[in-house]
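Peer 1: The structure's right below; bear with me while I get my questions together.
The values are calculated or read from the model by the stated rules, or taken from the named source; none is laboratory data. What you see is a predicted model; the values in this text were computed from it and never measured. So basically every Cβ, Gly included, is an ideal-geometry build from the backbone, and we count neighbours across all protein chains shown. What goes into the accessible areas is simple: the full protein's heavy atoms, side chains included, and nothing from ligands, DNA or RNA. Shrake-Rupley method; radii C 1.70, N 1.55, O 1.52, S 1.80 Å.
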2 protein chains.
Amino acid sequence: MNLNPYWVSGFVDGEGTFYVGINHNSTMSVSYQVLPEFRIVQHKRDIGVLYALKKYFQCGVVRVNHDDRYELRIRSIKHINDYVLPHFDRYPLHTQKKFDYIKFKKIIGLINQNIHLSEDGIIKIIDISSTMNRKDKTKAQEIKRLIIGEYKVHTC
Amino acid sequence: MNLNPYWVSGFVDGEGTFYVGINHNSTMSVSYQVLPEFRIVQHKRDIGVLYALKKYFQCGVVRVNHDDRYELRIRSIKHINDYVLPHFDRYPLHTQKKFDYIKFKKIIGLINQNIHLSEDGIIKIIDISSTMNRKDKTKAQEIKRLIIGEYKVHTC
């Protein structure tokens, strides 16, 4: 199965997700880690398409998502920079998902400049990611309040 | 928004449906009408993409699907023959949806030959459509039993 690049963007417009998670990680200088992720989830009957997409992007892992659903997941910043962003810059999305992509790319840009390693940077990233994916962002906002609180303790 | 044909197939692989309904219609010679339909459903925020697809296929109607969801719906046999089938024959689908498309095309072929106007033809179409879309086909199977029953009454 050889995928045309425009087909890939059409399919991702329907089925793909650009996601940025913020997880607690005590080994990080600001205690929180930014985890960008590009994924495509399919029922197991279409696992072949996920492997074709993995081949197309030359990276990623095909793994169980939940129950009988599988995903192609690309988390490596290097792979996102080298393969994911160049694809979507050249073969653009058309649905509202393109705005998620623009925000995702902006966050990758901040990570590339190591801005995510500062408290201000994490807060900036939370503010951007909170407007992505139209899902509940309670956790991210709670982390932001925690960081702001901790920051105030340090500076007062 | 100008859509690349491959983008269209990729998007339909994720979001499109090839559906064949069988409805009771007392004005038809066999009392049942075959209603093939190609549709793409989107949240209203992406209604612009539906209009771009309508422009691409040069046919169809954009209308409410349910709640805040809209659909591009193409039902005309002539439009399906002239615009939908030529597109997907040239720019193929890659997911398991391609098998729905193959069955859909087979049923359109039967309609083109007026085979759907006979009881045997309706039964043949029900048998094909029952294996499409992985949804509950109770109604179609019930219609088939009704037709077979009626047919037996006529011939005994």
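Peer 1: Do any residues of the range A:16-48 show a loss of at least 30 square angstrom of accessible area between the isolated chain and the full protein assembly, using a 1.4 Å probe, and if so which?
Peer 2: A:45, A:46
Peer 1: Then there is this: Give me the net charge of residue B:9's neighbourhood, meaning all other residues with Cβ under 14 Å from the Cβ of residue B:9; Lys, Arg count +1, Asp, Glu -1.
Peer 2: On the way: positive: B:90, B:97, B:98; negative: A:13, A:15, B:13, B:15, B:89, B:100.
Net charge in that neighbourhood comes out at -3.
Peer 1: Consider a paramagnetic label point 7 Å from the Cα of residue B:41 along Cα→Cβ; state which residues of the range B:57-96 have an amide N under 16 Å from it.
Peer 2: The answer is B:62-74.
Peer 1: Residue A:145 label points, 7 Å along Cα→Cβ, one per copy: pairwise distances from this copy to the rest in nm, shortest first?
Peer 2: Ordered by increasing distance: 5.7 nm.
Peer 1: Another question, if that's okay. Once you wrap a convex hull around the alpha carbon atoms of the range B:31-95, what is its projected area averaged over all directions, in nm²? Mind dumping the intermediate values first?
Peer 2: Working: hull surface 22.8 nm².
If I average the Cα hull's projected area over directions, I get 5.7 nm².
Peer 1: So, taking all protein chains as they sit and a 1.4 Å probe, how much accessible area belongs to residue B:26, in Å² rounded to tens?
Peer 2: The value for residue B:26 is about 90 Å².
Peer 1: Using only the C-alpha atoms of the protein assembly as shown, find the volume of their convex hull and express it per residue in Å³. Can you show the working numbers first?
Peer 2: On the way: hull volume 47.3 nm³, N = 312.
In the protein assembly as shown, the Cα convex hull volume per residue is 152 Å³.
Peer 1: Separate question: Every other copy gets compared here: list the nm distances from the residue B:68 label point (7 Å along Cα to Cβ) to its counterparts, shortest first, one decimal.
Peer 2: From this label point to the equivalent ones elsewhere in the assembly: 3.1 nm.
Peer 1: Please report the net charge: other residues with Cβ closer than 9 Å to the Cβ of residue A:71, K and R +1, D and E -1.
Peer 2: Values: positive: A:39, A:63, A:69, A:73; negative: none.
Result for the local shell: +4.
Peer 1: I need the Kirkwood Rh of chain B: take the reciprocal of the average 1/r across all distinct C-alpha pairs and report it in angstrom.
Peer 2: On the way: mean 1/r = 0.0605 Å⁻¹.
For chain B, inverting the mean 1/r across all distinct Cα pairs yields 16.5 Å.
Peer 1: Can you pull the three principal axis extents for the Cα set of the range A:60-134, in Å, largest first?
Peer 2: Largest to smallest, the principal-axis extents are 40, 28, 26 Å.
Peer 1: Given a Förster radius of 25 Å and the C-beta distance between residue A:131 and residue B:55 as r, what FRET efficiency does 1/(1 + (r/R0)^6) yield to the nearest 0.05? Display every interim value, and only then the final one.
Peer 2: Numbers: r = 30 Å, r/R0 = 1.19.
E(calc), rounded to 0.05, equals 0.25.
Peer 1: One decimal, nm, shortest first: give the distances between the label point of residue A:96 and those of the same position in the other copies, each label point 7 Å from Cα along Cα→Cβ.
Peer 2: Taking the point 7 Å beyond Cα along Cα→Cβ, the inter-copy spacings are 2.9 nm.
Peer 1: Write out the trypsin sites (Lys or Arg not before Pro) in the range B:64-154 meeting two conditions: DSSP loop, and at most 10 other Cβ atoms within 10 Å of their Cβ. Provide the component values of the computation, followed by the final result.
Peer 2: On the way: sites: B:69, B:73, B:75, B:78, B:90, B:97, B:98, B:103, B:105, B:106, B:124, B:134, B:135, B:137, B:139, B:144, B:145, B:152; in loops: B:75, B:134, B:135, B:137.
Of the trypsin sites (Lys or Arg not before Pro), the ones in loops of the range B:64-154 whose Cβ has at most 10 other Cβ atoms within 10 Å are B:134, B:135.
Peer 1: Right, here's the next one. Provide the solvent-accessible area of residue A:118, counting protein heavy atoms only and rolling a 1.4 Å probe, rounded to the nearest 10 Å².
Peer 2: Answer for residue A:118: close to 50 Å² accessible.
Peer 1: Once every DSSP H run of n ≥ 4 in the protein assembly as shown is given -39500 (n - 2.57) and the sum is divided by its residues, what mean residue ellipticity at 222 nm do you get, rounded to the nearest 500 deg cm²/dmol?
Peer 2: My calculation for the protein assembly as shown gives -14500 deg cm²/dmol from helical runs alone.
Peer 1: With the cut-off at 31 Å, tell me which of the pairs B:44/B:98; A:105/B:105; A:103/B:44; B:98/B:124; A:78/B:98; A:55/B:139 have Cα atoms farther apart than that. Could you put the intermediate results ahead of the total?
Peer 2: Details: B:44/B:98 26 Å; A:105/B:105 41 Å; A:103/B:44 21 Å; B:98/B:124 20 Å; A:78/B:98 34 Å; A:55/B:139 42 Å.
Listed pairs above 31 Å: A:105/B:105; A:78/B:98; A:55/B:139.
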